């Protein structure tokens with residue numbers, strides 16, 4: 001799905017949640033067409049070339065967004081999860097929400113025998129020590145108490161486009177994928193099942209599957 005189409009979809013579902021008084025949420029699992037998204041903390045130094053040159057070099061769209069964090073890359077082979085919920089109704093703060101998203105990613109990769117971990121002072125999930133590489137990027141925003149955006153887990157995709165920028169604004173930090181760690185191909189649909197279960201566990205929710 002193109003990024004802007006997914007953004008429109010989030011806005012539609014988010015508006016529905018604004019008047020909810022029950023702890024109901026919308027979880028969107030998808031893969032994006034190649035795109036670089038530039039979050040609120042993106043700095044000029046995080047883009048070694050201009051936005052137009054980056055688009056020409058990579059063939060990816062460039063989109064500025066209102067989520068937290070810096071620049072990152074999305075493409076087929078990466079599982080992106082957008083969780084929309086009303087923070088007040090769920091009685092959680094935005095920082096707890098971020099912690100829970102990290103826990104979802106850690107539980108998801110653990111189902112495949114991968115030990116994900118947190119890094120002090122940084123949002124996301126990492127693999128390996130001491131030279132940890134990022135396997136999951138997380139960035140959210142909130143408007144009228146509704147959360148938007150979420151996490152992107154690298155399952156099985158070409159990682160080279162990440163190195164056209166300074167991903168998440170973290171110079172010198174590597175990026176990895178589940179396929180790279182396990183040295184074998186991974187089916188995204190298999191990871192969707194594990195991630196759905198992880199969301200249910202971490203948020204204490206019953207999952208109802210449907211089309212959007």
statement: Of the residues in segment 155-168, those that are in contact (Cβ under 8 Å) with a residue 40 or more places away in the chain, within 18 Å of the chain's Cα centre (by Cα) and surrounded by fewer than 19 Cβ atoms within 10 Å (Cβ to Cβ) come to 158
- prompt: Out of all the residues in segment 4-27, is one or more closer than 17 Å to residue 137 by Cα, in contact with a helix residue (DSSP H, G or I) (Cβ under 6 Å, 6 or more places away or on another chain) and surrounded by fewer than 18 Cβ atoms within 10 Å (Cβ to Cβ)?
  reply: no
query: Among (1) surrounded by fewer than 17 Cβ atoms within 10 Å (Cβ to Cβ); (2) part of a helix (DSSP H, G or I); (3) in contact with a strand residue (DSSP E or B) (Cβ under 7 Å, 6 or more places away or on another chain), which single condition is residue 205 missing?
result: (2)
field: Matching residues in segment 169-189 - criterion: being in contact (Cβ under 8 Å) with a residue 12 or more places away in the chain and part of a helix (DSSP H, G or I)
entry: 169, 178, 179, 180, 181, 182, 188
message: Looking at segment 88-117, I want the residues that are within 13 Å of residue 181 (Cβ to Cβ) and have a partner that is at pLDDT below 95 and surrounded by 16 or more Cβ atoms within 10 Å (Cβ to Cβ) with Cβ atoms under 8 Å, at least 6 apart or on another chain. Which pairs are those?
response: 117/132
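Residues in segment 57-70: is at least one over 19 Å from residue 171 (Cα atoms) and in a helix (DSSP H, G or I)? Talk me through it step by step, then tell me what you get.
First, the residues of segment 57-70 that are over 19 Å from residue 171 (Cα atoms): 57-67.
Keeping just the survivors that are in a helix (DSSP H, G or I) gives 57-58.
Yes.
Conditions tested, residue by residue: (1) more than 27 Å from residue 2 (Cβ to Cβ); (2) surrounded by fewer than 17 Cβ atoms within 10 Å (Cβ to Cβ).
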| site | (1), (2) |
| --- | --- |
| 52 | no, yes |
| 66 | no, yes |
| 69 | no, no |
| 95 | yes, yes |
| 111 | yes, yes |
| 119 | yes, yes |
| 129 | yes, yes |
field: Residue under evaluation residue 178, criteria (1) out of contact with any strand residue (DSSP E or B) (no Cβ under 8 Å at 6 or more places or on another chain); (2) surrounded by 14 or more Cβ atoms within 10 Å (Cβ to Cβ); (3) closer than 28 Å to residue 47 by Cβ; (4) at pLDDT 95 or above, criterion not met
entry: (1)
Among the residues listed as 79, 84, the single one being assigned to a strand (DSSP E or B), touching a strand residue (DSSP E or B) at 6+ places or on another chain (Cβ under 9 Å) and under 21 Å from residue 173 (Cβ atoms): 79
- prompt: Taking residue 171 and the conditions (1) more than 14 Å from the chain's Cα centre (by Cα); (2) surrounded by 19 or more Cβ atoms within 10 Å (Cβ to Cβ); (3) within 21 Å of residue 43 (Cα to Cα), which numbered condition does it fall short on, given that it satisfies the others?
  reply: (2)
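Can you name the residue in segment 135-153 that is out of contact with any helix residue (DSSP H, G or I) (no Cβ under 7 Å at 6 or more places or on another chain) and within 30 Å of residue 50 (Cβ to Cβ) and is also surrounded by the fewest Cβ atoms within 10 Å (Cβ to Cβ) among such residues?
Checked segment 135-153; the qualifying residue surrounded by the fewest Cβ atoms within 10 Å (Cβ to Cβ) is 143.
For the structure I just gave you, tell me whether residue 17 is without any contact (Cβ under 8 Å) to a residue 60 or more places away in the chain and in contact with a strand residue (DSSP E or B) (Cβ under 6 Å, 6 or more places away or on another chain).
In short, no.
The values are calculated or read from the model by the stated rules, or taken from the named source; none is laboratory data. Computed from a prediction, not measured in an experiment: that's the story for all the values here. Glycine also receives a Cβ, built like all others from the backbone with ideal geometry; neighbour counts cover every protein chain displayed.
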